[in-house]
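Here, each number is a calculation from the coordinates, and none is a lab measurement. These numbers were taken from a predicted model, which means no experiment stands behind them. We place every Cβ from the backbone using ideal geometry, glycine too, and count neighbours over all the protein chains shown.
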Amino acid sequence: MAYPSMGEAHRRVTDYLGRFSDAVSTQDVASLKPLLSLSSASPSLLSLADALNLLQDAIRLIKQSEKWSQLAEIVAPLFRCLQSYRLSNLADAYPAYEKAANAFIQEFRNWDSAWALEALYVIAYEIRVLAERADRELSANGKLPEKLKAAGSFLMKVFGVLAGKGPKRVGALYMTCQLFKIYFKLGTVHLCRSVIRSIETARIFDFEEFPQRDKVTYMYYTGRLEVYNENFTAAEQKLSYALAHCNPHSEANIRMILKYLIPVKLSIGILPKDWLLEKYNLVEYRNIVLALKRGDLRLLRSALEEHEDRFLRSGVYLVLEKLELQVYQRLLKKIYIIQKQKDPSKAHQMKLEVIIKALKWLEIDMDLDEVECIVAILIHKNLVKGYFAHKSKVVVLSKQDPFPKLTGRPVNA
Amino acid sequence: MATETKPATEEAKMDLFEDDDEFEEFEINEEWEDKEEGKEVTQQWEDDWDDDDVNDDFSLQLRRELENNAEKN
C-alpha cells in the first residue's frame with residue numbers, strides 16, 4: 001500500500017467531497033453512483049481510502065467545515081467504511097456503510113423527484129454484497145455471521161421508503177429482488193412472503209411499470225418458490241415469463257431458469273428438446289427425458305441416483321421422483337399397444353402378471369400386491385382409465401383413451 | 001456459483017451461505033429486445049411425444065420379453 005504525501009491525501013479527500021457535493025446539488029446520478037460503489041474497487045476509491053488511513057482526522061475536518069457539514073452524516077461513516085475496507089476489516093466496514101446508507105435514505109426521502117434512484121440501487125447492491133463478505137469473514141474467524149440478516153432488515157426499510165405513490169415506487173421491485181437474493185442465501189425464504197404480498201396486492205404498484213430486468217428476476221425467484229410449494233401451474237407460468245423475457249445473451253441466467261422450469265414442464269407432460277439440454281449444459285435431465293419417452297422405470301431411477309446430490313441441492317429431487325407415475329403410465333401404454341398389435345380383441349384386459357414380467361425385465365422386483373397398488377394409484381390419479389377384475393387379477397382398461405394425456409396439467413395431487 | 005476450496009471444518013458452515021442458483025445482476029440500465037433469437041428458447045418443448053410408436057429399441061426388446069414369457073407359460 002503506497003501512502004501518498006499529506007498534501008496529496010488532503011487533495012484526494014477534498015476532491016471526493018467536491019464531487020459528491022456537486023453531484024447532489026446538480027442531481028447528477030451518473031456522477032454520484034461511482035462514489036458509492038465500494039465493490040467496484042475503483043482506483044480512485046482505493047487511493048482515497050489510502051489517503052484517509054494516512055490522514056486519520058479527515059472526518060473531524062469534514063464535520064468542522066461548514067462547506068461539507070450538510071453531507072457529513074453520509075460521508076463521515078462512508079469514509080470510516082472505506083478505511084476499514086482498505087484494511088480488509090469487512091466486519092467493521094459493513095456497519096459503517098449501513099450508517100452512511102441510512103443517512104442517504106433520509107436525504108433521499110426529502111428529494112421530491114426520483115433522480116437518485118439509481119444511486120439507491122447501487123447502495124442496495126453494495127449493502128448486500130458487503131454484508132455477504134463480512135459474514136464470510138466473521139464465519140472464518142469463528143464468530144457469528146449476522147450482517148446479511150441485518151442487510152435484509154435494512155433493505156426492508158428501504159422498500160418501505162419506496163412503497164409510496166410517487167415516481168420512486170418503480171424502484172421497489174429492484175429492492176425486492178435484492179431481498180430475495182438475501183433470503184435465499186440465508187435459507188429464510190418464508191420472509192419473501194411479505195414483500196411478494198406488497199408487490200402483488202398493493203394498489204400503488206402496477207407490475208407492468210417496473211423495469212423489464214427486475215420483472216425477469218422477480219419471476220425467476222417467485223417461480224422457484226412455486227416449485228418448492230409444488231404449485232406447478234403457477235411455477236410454469238412464472239418461470240416461462242422469466243425465460244421469454246430474459247436477455248437472450250444472459251446464458252447463465254437462462255440456464256438457471258431452465259434448471260427449474262424443466263422439472264416443472266416434465267411434471268405436466270411436456271419434454272425439453274435435446275438441443276436445449278445440450279446448449280445450456282443441463283444434461284443431467286437427458287436420461288430422465290428418455291425414461292419418460294420410453295416408459296423405462298429403471299432408467300428413471302438410475303438417473304435420479306446418478307444426480308441425486310445435484311437434484312437435492314436445487315430442491316427438485318421430489319418433483320422428479322414423482323415422475324415415476326408418468327413413467328409407469330407410459331410403460332403400461334406400451335404393453336397395451338404391443339398386446340393390441342398381437343390380439344386386438346384381448347388388449348383391453350391387461351394381466352397384472354404381464355406387468356410384473358415387464359418390471360422384472362427392468363430389474364424391478366414387485367409382487368402382485370405391489371403392482372396392484374401402483375395400478376390403483378394410476379387409476380385414482382386418472383393416468384389410467386379402467387378397473388380391477390380382482391379374481392382374475394386383471395386390469396380392465398377403458399376402450400376409449402385408457403391412458404389420458406396430461407395436456408399441460410399436473411398429475412392430480 | 002462455483003464453490004471455492006475451503007478448510008474442511010468451514011465447509012459445512014459455508015453450505016448455509018450458498019445459493020447455487022443466484023441470478024446474475026443485470027446492468028442497471030440494461031435493456032434488451034425480445035428478439036426472435038430469444039424466442040427460440042421458448043420453442044424448444046415437445047408435447048406430442050406420447051405417441052403410439054413401438055418401433056424403438058426399448059419397445060422392441062419389451063415386446064420380445066413379453067413374447068418369450070408368454071411362450072414359457
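FRET efficiency for the pair residue A:143 and residue A:102, taken as 1/(1 + (r/R0)^6) with r the Cβ-Cβ distance and R0 = 25 Å, rounds to 0.60. In terms of its Cα atoms, the range A:196-263 spans 33, 29, 13 Å along the principal axes, sorted from long to short.
Computed from phi, the 3J(HN,Hα) profile of the range B:50-55 under the Karplus parametrisation 6.51, -1.76, 1.60 (θ = phi - 60°) reads 7, 9, 9, 6, 10, 9 Hz, with x in place of Gly and Pro.
Computed from the C-alpha gyration tensor, the three semi-axes of the ellipsoid equivalent to the protein assembly as shown are 60, 22, 18 Å, from longest to shortest. Summarising the label geometry, the points placed 7 Å from Cα in the beta-carbon direction at residue A:188 and residue A:42 lie 3.3 nm from one another.
Given a cut-off of 21 Å, what percent of all Cα-Cα pairs of the range A:168-282 lie beyond it? Looking at the range A:168-282, the distances longer than 21 Å represent 38 percent of pairs.
3J(HN,Hα) couplings calculated from phi for the range A:264-269 with the Karplus curve 6.51 cos²θ - 1.76 cosθ + 1.60 (θ = phi - 60°) are, in sequence order, 5, 4, 4, 6, 10, x Hz; Gly and Pro show x.
For the peptide A:277-290, the mean number of other protein chain Cβ atoms found within 10 angstrom of a residue's Cβ is 1. Summary value for the range A:283-413: 19 percent relative contact order, contacts being C-alpha pairs under 8 angstrom separated by 6+ residues. The mean of 1/r over all distinct Cα pairs in the range A:1-69, once inverted, gives the Kirkwood hydrodynamic radius of 12.6 Å. Across the range A:1-70, C-alpha contacts under 8 Å between residues 6 or more apart give a mean separation that, scaled by the residue count, equals a relative contact order of 44 percent. Angle of helix A:117-140 to the longest C-alpha principal axis of chain A, folded into 0 to 90 degrees and rounded to 10: 80°. Is the range A:328-413 best put as rounded, prolate or oblate by its Cα gyration tensor, with a ≥ b ≥ c the root eigenvalues, rounded for a/c under 1.5, and otherwise prolate when a/b is larger than b/c, oblate when not? In terms of gyration-tensor shape, rounded. With all pairs of separate Cα atoms included, the range A:103-173 yields a Kirkwood hydrodynamic radius of 13.1 Å. If you take the square roots of the eigenvalues of the alpha-carbon gyration tensor of the range A:63-125 and sort them as a ≥ b ≥ c, do you get rounded (a/c under 1.5), prolate (a/b over b/c) or oblate? Note, shape of the range A:63-125 comes out oblate. Each residue, residue B:52 and residue A:252, gets one label point 7 Å from its Cα in the Cβ direction; the gap between the two is 5.0 nm. Over all other residues within a Cβ to Cβ distance under 10 Å of residue A:259, the charged ones net out to 0, with Lys and Arg as +1 and Asp and Glu as -1. Within the shell defined by Cβ-Cβ distances under 11 Å, the residues around residue A:233 carry a net charge of -1, with Lys and Arg each +1 and Asp and Glu each -1.
A simple count of charges around residue A:376, restricted to other residues whose Cβ falls under 15 Å of its Cβ and scoring Lys, Arg +1 and Asp, Glu -1, yields -2.
Centre-to-centre, using Cα atoms only, the range A:241-260 and the range A:182-214 are separated by 19 Å.
With R₀ set to 56 Å, the beta-carbon distance separating residue A:346 from residue A:208 gives a calculated FRET efficiency near 0.45. Database remark: amide H of residue B:45 closer than 5 angstrom to the amide H of A:273 (H placed geometrically; neighbours at sequence offset of 5 or more, or on other chains; Pro and chain starts carry no H). Scaled to the globular estimate 2.2 N^0.38 Å, the Cα spread of the range A:1-142, given as radius of gyration, is 1.02. Mean residue ellipticity, 222 nm, helices only, chain A: the sum of -39500 (n - 2.57) across DSSP H runs of n ≥ 4, divided by residue count and rounded to 500, is -21000 deg cm²/dmol. For the range A:357-373, backbone phi angles converted through the Karplus equation (6.51, -1.76, 1.60; θ = phi - 60°) give residue-by-residue couplings of 5, 4, 5, 4, 4, 8, 6, 10, 8, 9, 8, 4, 4, 5, 5, 4, 4 Hz, Gly and Pro being listed as x. When the Cα convex hull of the range A:258-386 is projected onto planes of every orientation, the mean area is 8.4 nm². Please compute the contact order of chain A in relative form: average sequence separation of alpha-carbon pairs under 8 Å and at least six residues apart, divided by the residue count, as a percent. Computed over chain A, the figure is 8 percent. Relative protection proxy for A:145-155, A:343-353, from highest mean packing down: A:145-155, A:343-353 (other beta-carbon atoms within 10 angstrom). Neighbouring Cβ atoms from other chains, within 10 Å of the Cβ of residues in B:57-67, number 5 on average.
Cα centroids of the range A:371-413 and the range A:49-67: how far apart, whole angstrom? Each part reduced to its Cα centre gives a spacing of 78 Å.
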